[in-house]
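All remarks here apply to the structure that follows.
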Amino acid sequence: MKEQHFDLIVLGSGPAGSTVATKAVEDGKSVAIVESREYGGTCALRGCNPKKVYANAGTLIDQVRRAEGKLVVGSESIRIDWENLLRFKQEFTQPVKEERESSFQSDGIATFHGNATFTGPNRLSTGSELLSASRIVIATGATPTKIDVPGSQHIRTSDEFLELAKLPKHVVFIGGGYISMEFAHVVARCGSDVTIVERDGSVLSGFDPDLVEQLTQYSRRRGIQFRFDATMTAIESDAGGSYRVQFEEGEPIECGLIVHGAGRVPNINSLDLQTGGIAFDKDGITVDKTLRSTTNEHVFAAGDCAASGVPRLTPTANEEARILVKNLFSDQPESIPDYGPIPKVAFTTPAIAAVGLSEKDAAKSFDIEVRTEDSSSWGSVRKTGDVVAGYKILVDKQTDQVVGAHLLGPGAEETINLFALAMKFELSATDIKSTLFAFPTYSSDVRRML
Ligand SMILES: Cc1cc2nc3c(=O)[nH]c(=O)nc-3n(C[C@H](O)[C@H](O)[C@H](O)COP(=O)(O)OP(=O)(O)OC[C@H]3O[C@@H](n4cnc5c(N)ncnc54)[C@H](O)[C@@H]3O)c2cc1C
Ligand SMILES: NC(=O)c1ccc[n+]([C@@H]2O[C@H](COP(=O)([O-])OP(=O)(O)OC[C@H]3O[C@@H](n4cnc5c(N)ncnc54)[C@H](O)[C@@H]3O)[C@@H](O)[C@H]2O)c1
């Protein structure tokens, strides 16, 4: 088989890989991209975007039901039609699958299909082609962590959940992180029973514990059940298509579907990194600050598969790709990602959001003032019907700067970006409070929070 040579080969066509390939070809490099599944990556096909279609349905139903007898009447007849929702979601994902590869090709990028594996420090096989390049970027994303219990083959991934044609009567989510909480809020609004099984004592560990507790109570009122401190021991299936989840302690749970929400790990196992001389550990490909492999000068990594120490999210993948392109062909790579404070949002209904330090970490480094309140009774929130809301803003007393912002409630997913902006550009709490915001909006509540 004849080997094809390029200036750059990119592995993976998610946010990180796509940005790198497109920018490098604009800079006049010969570029190839290899994708093992459909072109488009997780965010566009199996993550952020399709997930948000589902979350929007949950939020819409919730808004209408909460507004019953106040803003609207007759909401009892409104429901989510799962098959219809699936079709609507496919309107967003289907064109990506079809258009992304042809868009690369029209940009002059050579596209390959297959699971890339290293056959040398700068050589790869796609299974049917041999490729080499002076630079290789690994952007292969993340994959669900292995759950090691008998019967684990019955656990469906989030990819499969997003393609589900019919929603069963009872869904169990394993793990209480982003994926489970976001999907559970939709499933509950569809009228199915939902149980979240979490090995720790609470859900959403990256968010403010007090706001998480408020959200957990509210989720219970919306029909979501929680099984905390749970150790799953086995999954049994019966011929009728139902499952029984067994635990070390407590009653088993019968259900029609079990979904994986127990975390994702770098998707690097099938790359044969040893043959490529590329160091890695459980956090992913070992990279220096410029995102170059610490052991192979031809190789860089970005996004979910790189051990860059930041949350595995689309904005961080994009930032890494932007920086990595500057370093790829430089004799002395020196650009480093400017992540700034990274906002995080779980798209539950309502959303929970955070940026900057947690209260615990902030108290270690600063003399902080904690401004916090249950804001469920504030006018902006009450106008939408009965819902939960709260905030916790951490202000450094010495500089008057916000070092952490934590929000729960309607609009939290948007308002958190104001705090990210203010923190990145070191505005003081007084600066933010002195800014006029359009009223009545959720963001105008920020002045009251400060
Ligand atoms: C259900 C879900 C919801 C999410 N929601 C959000 C959200 O709301 N906001 C947010 O910021 N983030 C969200 N994320 C995370 C976000 O999707 C990822 O952080 C982001 O996609 C990472 O981009 P990436 O380019 O590193 O990897 P990916 O987008 O995962 O792309 C990697 C690509 O590499 C391909 N690949 C893998 N191995 C090989 C190989 N050996 N050879 C060739 N190709 C290979 C894969 O098929 C894939 O297409 C969500 C994730 C999931 C699963
Ligand atoms: N809105 C968003 O930005 C968003 C949404 C979805 C996914 N994501 C990304 O995808 C990643 C994966 O999401 P996720 O929800 O799978 O993971 P997660 O890391 O958010 O949460 C995993 C949870 O599962 C628990 N757990 C692990 N093993 C378990 C077991 N055997 N039994 C019971 N509980 C167990 C953990 O204690 C943890 O609470 C996220 O970390 C994030 O990077 C982001």
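Brief remarks follow.
- Residue in region 206-220 that is more than 16 Å from ligand 2 (Cβ to nearest atom), modelled with pLDDT under 95, over 27 Å from residue 313 (Cβ atoms) and not in a strand (DSSP E or B) present: no
Okay, residues lined up against (1) under 21 Å from residue 57 (Cα atoms); (2) within 16 Å of ligand 1 (Cβ to nearest atom):
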site	(1), (2)
146	no, yes
155	no, yes
163	yes, yes
180	yes, yes
183	yes, yes
189	yes, no
197	no, no
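Quick grid of which residues meet (1) hydroxyl-bearing (Ser, Thr, Tyr); (2) in contact (Cβ under 8 Å) with a residue 24 or more places away in the chain; (3) within 16 Å of ligand 1 (Cβ to nearest atom):
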site	(1), (2), (3)
23	no, yes, yes
45	no, yes, yes
51	no, yes, yes
70	no, yes, no
80	no, yes, no
86	no, yes, yes
90	no, no, yes
108	no, yes, no
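- Taking the listed residues 75, 18, the one that is closer than 28 Å to residue 127 by Cα and either touching a strand residue (DSSP E or B) at 6+ places or on another chain (Cβ under 9 Å) or surrounded by fewer than 23 Cβ atoms within 10 Å (Cβ to Cβ) (or both) is 18, with no other qualifying.
- Taken as a whole, the structure places residue 198 among residues that are within 13 Å of ligand 2 (Cβ to nearest atom) and either of a type outside the set (Gly, Ala, Ser) or over 20 Å from residue 406 (Cβ atoms) (or both).
Yes or no, residue by residue, for (1) more than 10 Å from ligand 1 (Cβ to nearest atom); (2) closer than 24 Å to residue 344 by Cα; (3) among the polar types (S, T, N, Q):
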site	(1), (2), (3)
244	yes, no, no
249	yes, no, no
273	yes, no, no
276	yes, no, no
289	yes, yes, no
301	no, yes, no
305	no, yes, no
311	no, yes, no
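- Selection of region 244-300 for residues being part of a strand (DSSP E or B) and hydroxyl-bearing (Ser, Thr, Tyr) yields only 293.
- Selected residue (only one of 102, 192, 125 is closer than 25 Å to residue 263 by Cβ, without any contact (Cβ under 8 Å) to a residue 60 or more places away in the chain and more than 16 Å from ligand 2 (Cβ to nearest atom)): 192
- Every residue from region 368-386 that is buried (at least 18 other Cβ atoms within 10 Å of the Cβ) and within 29 Å of the chain's Cα centre (by Cα): 375, 380, 381, 384, 385
- One residue alone among 434, 377, 428 is farther than 22 Å from residue 214 by Cα, of a type in the set (Gly, Ala, Ser) and free of Cβ contacts under 8 Å to residues at least 12 places away in the same chain, and that residue is 434.
- Some residue of region 2-14 being within 16 Å of ligand 2 (Cβ to nearest atom) and touching a helix residue (DSSP H, G or I) at 6+ places or on another chain (Cβ under 9 Å): yes
- Among the residues of region 329-350, the ones that are farther than 21 Å from residue 424 by Cβ, of a type in the set (Gly, Ala, Ser) and in contact (Cβ under 8 Å) with a residue 12 or more places away in the chain come to 1 in all.
- Counting only strands (runs of 3 or more DSSP E) wholly contained in region 361-450, the ones carrying 3 or more residues that are touching a Gly at 6+ places or on another chain (Cβ under 7 Å) occupy 402-408.
- Matching option when the condition is out of contact with any Leu (no Cβ under 8 Å at 6 or more places or on another chain), buried (at least 17 other Cβ atoms within 10 Å of the Cβ) and of a type in the set (Phe, Trp, Tyr), among 247, 226, 280: 226
- From the options 206, 201, 223, residue that is in contact with an Asp or Glu (Cβ under 6 Å, 6 or more places away or on another chain) and either closer than 30 Å to residue 394 by Cβ or of a type in the set (Gly, Ala, Ser) (or both): 201
- Those helices (runs of 4 or more DSSP H) of region 1-89 in which at least 3 residues are modelled with pLDDT under 95, considering only elements entirely within it, cover 48-66.
- Which listed residue is at pLDDT 95 or above, exposed (fewer than 15 other Cβ atoms within 10 Å of the Cβ) and in contact with a Ser or Thr (Cβ under 8 Å, 6 or more places away or on another chain), from 290, 294, 316, 286: 294
The values are calculated or read from the model by the stated rules, or taken from the named source; none is laboratory data. Note that this is a predicted model, so its numbers are computed, not measured. Every residue, glycine as well, gets a Cβ built from its backbone with ideal geometry; the counts of neighbours run over all protein chains shown.
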